[in-house]
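I have placed the structure first, in the form of C-alpha cells, so that the comments after it can refer back to it.
The values are calculated or read from the model by the stated rules, or taken from the named source; none is laboratory data. Computed from a prediction, not measured in an experiment: that's the story for all the values here. Here the Cβ positions follow ideal geometry from the backbone for every residue, glycine too, while neighbour counts run over all protein chains shown.
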Amino acid sequence: MFNPIPRGVYPTMITPYTPDNKIDYNAVEQVLNWYSERGCAGVFAICQSSEIFFLSFEERYELLKFVMAHAPKGLTIVASGHTADDLDTQLYEAQRFMELGAQGYVLISNRLARQEEGDDVFLKNVDRFLTALPETAFGVYECPYPYKRLMQPETLGKLARTGRFSFLKDTCCDLDMIRQKLDAVKGTGLEIFNANGALLLDSLKMGCAGYSGVMANFHPEIYAWLCENYETQPEKAELVGAVLGFFSVAECQTYPINAKYYMGLEGLTLGYTSRARSVAEFGPSRQVEIRQMKTVTDFIKQTLGL
C-alpha cells in the first residue's frame, strides 16, 4: 500500500537555537545538508533529539514545515512530534504534522498507553490513529522519555500485519529481542532500524534495515559505510563496528549538547545550547573528549577512504 522506507542511516535530528533561544533555521538547513552530504538515507525529524518535549506545538509544526521545504532531494523524512498526554490532542497534532508531507508518521509508543497499561490499550489507541489518518504510513519509536515502552514481538507483528507500518526505531538494546521482532515482521514491509551503535553490526547481519540513533549526529558517514559494506568487507566492518560501539558511550555524556558541539567542529555555524540540558554540564574535559572523538573519526574516515 505504501512505498517502503529506504534502508540506511536516519539521524535523530537535533534542534539548534539562536542566542535568544529561538529555533535557528539557518542552522537547521545546514544540518539537513550535512546529513545528506554524509550519505544518510533520510532523517527522523521532530523526535526526542529534537527536544520535542521542550518545544511548543507551534514550534514543532513550523520546524517540520521548514524541514519538508528545505530537505535536500533524495532525503526521506519520517517525523513524529505528538507529546500530549490525551489522545485527542495527539491525533490533532499528528494530523497537522502529516499535512506537511512526511513519508511516514512515527508513533511514540509511550504516548499511547500509560506505563501500567497493557498492550491491549496501546493497540486500541493505535487503531484510532489508523482510522484518523487512512492515507498515512506509520512507524513506531520506542522513546525513552518519559518512560520506555518497548514493543513486544507479538504486538509489533500485529501492527505490521495491518500493512500500515514501515518503520521501527528500536531501542531495546537486546539482540535476542531484535531477532524475535525481525521474525514477527518478516514479509510485512515493516523495517527495523536499530538505535544502538554497539549492536548495529550484529543486527544488520540479522536483517535490520539500518541505523537510527543519536550517534548519527556525530559521524553519520561511518554508519552509512557500515550499512553499505558490512557484507562485502566483513573484516574491516568488524573493526569499524567496534569503534562505533565505543564511540556510542557519548550518548551518556551531555547529549544533545555534545552533538551540537561536534557539528561545530565540522564547520557548521550553530551554537551548542539546549533546552533539555544545561551547558554547565558540558565542562572542559567533556569538550576535550568530543574533540578527541573528532580526531579519531577523521582517522577512520581517512582509512576508509571517505
Discussion item. Looking at GLU221 and the list (1) of a type outside the set (S, T, N, Q); (2) under 30 Å from PHE129 (Cα atoms); (3) assigned to a helix (DSSP H, G or I); (4) touching a Lys or Arg at 6+ places or on another chain (Cβ under 8 Å), which single condition is not satisfied?
Written reply: (2)
Worksheet item: Considering only the stretch 5-21, how many residues are more than 17 Å from the chain's Cα centre (by Cα) and surrounded by 15 or more Cβ atoms within 10 Å (Cβ to Cβ)?
Response: 1
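Take the residues in the stretch 158-197 that are of a type in the set (S, T, N, Q) and not in a strand (DSSP E or B), then tell me which one is farthest from ASP120 (Cα to Cα).
Among those that are of a type in the set (S, T, N, Q) and not in a strand (DSSP E or B), it is ASN196.
State the number of residues belonging to the stretch 133-146 that are more than 18 Å from ASN194 (Cβ to Cβ) and either surrounded by 14 or more Cβ atoms within 10 Å (Cβ to Cβ) or within 17 Å of the chain's Cα centre (by Cα) (or both). Don't jump to the end; show me each part of the working.
At the first step, the residues of the stretch 133-146 found to be more than 18 Å from ASN194 (Cβ to Cβ) are 133-138, 145-146.
Now narrow it down to the ones that are either surrounded by 14 or more Cβ atoms within 10 Å (Cβ to Cβ) or within 17 Å of the chain's Cα centre (by Cα) (or both): 133, 136-138, 145-146.
Count: 6.
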Response to the item:
Of ALA45, ALA84, ALA27, the only residue that is closer than 22 Å to ARG277 by Cα and modelled with pLDDT under 95 is ALA84
Response to the item:
By residue number, the members of the stretch 227-255 that are touching a Phe, Trp or Tyr at 6+ places or on another chain (Cβ under 8 Å) and closer than 20 Å to THR303 by Cα are CYS227, ALA237, VAL240, GLY241, LEU244, PHE247
Worksheet, complete the sentence: With criteria (1) in a loop (DSSP other than H, G, I, E, B); (2) under 16 Å from LYS260 (Cα atoms), CYS40 comes up short on (2)
Fill in: Residue among LEU182, LEU175, LEU156, LEU204 that is modelled with pLDDT of 95 or more, crowded, with 24+ Cβ neighbours inside 10 Å, of a type outside the set (Ser, Thr, Tyr) and more than 16 Å from the chain's Cα centre (by Cα)
LEU156
Practice prompt. Within the stretch 229-248, track down each residue that is free of Cβ contacts under 8 Å to residues at least 24 places away in the same chain and either closer than 21 Å to TYR35 by Cα or among the hydroxyl-bearing types (Ser, Thr, Tyr) (or both).
Written response: ASN229, THR232
Worksheet, complete the sentence: The strands (runs of 3 or more DSSP E) lying wholly within the stretch 50-157 that contain at least 2 residues that are under 23 Å from ASN26 (Cα atoms) and in contact (Cβ under 8 Å) with a residue 60 or more places away in the chain are 76-79
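Assess whether ALA102 counts as being buried (at least 22 other Cβ atoms within 10 Å of the Cβ), more than 22 Å from MET215 (Cα to Cα), within 18 Å of the chain's Cα centre (by Cα) and among the hydrophobic types (A, V, I, L, M, F, W, C). It would help to see each step written out before you state the result.
On the way: buried (at least 22 other Cβ atoms within 10 Å of the Cβ): yes; more than 22 Å from MET215 (Cα to Cα): yes; within 18 Å of the chain's Cα centre (by Cα): yes; among the hydrophobic types (A, V, I, L, M, F, W, C): yes.
Yes; evaluated as a whole, the condition is true for this residue.
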Worksheet item: When the stretch 40-92 is examined, which residues are found to be closer than 23 Å to GLN115 by Cα, hydrophobic (A, V, I, L, M, F, W, C), more than 19 Å from the chain's Cα centre (by Cα) and surrounded by 15 or more Cβ atoms within 10 Å (Cβ to Cβ)?
Response: LEU87, LEU91
Worksheet entry | All positions within the stretch 1-30 that are in a loop (DSSP other than H, G, I, E, B) and in contact with a Phe, Trp or Tyr (Cβ under 7 Å, 6 or more places away or on another chain) | ILE5, TYR10, PRO11, MET13, ASP24
Worksheet, complete the sentence: Of the conditions (1) in contact with an Asp or Glu (Cβ under 8 Å, 6 or more places away or on another chain); (2) not in a helix (DSSP H, G or I), the single one that THR232 does not satisfy is (1)
Worksheet, complete the sentence: Residue hits (the stretch 266-306; surrounded by 13 or more Cβ atoms within 10 Å (Cβ to Cβ), among the hydroxyl-bearing types (Ser, Thr, Tyr) and not in a helix (DSSP H, G or I)) are TYR272, THR273, SER274
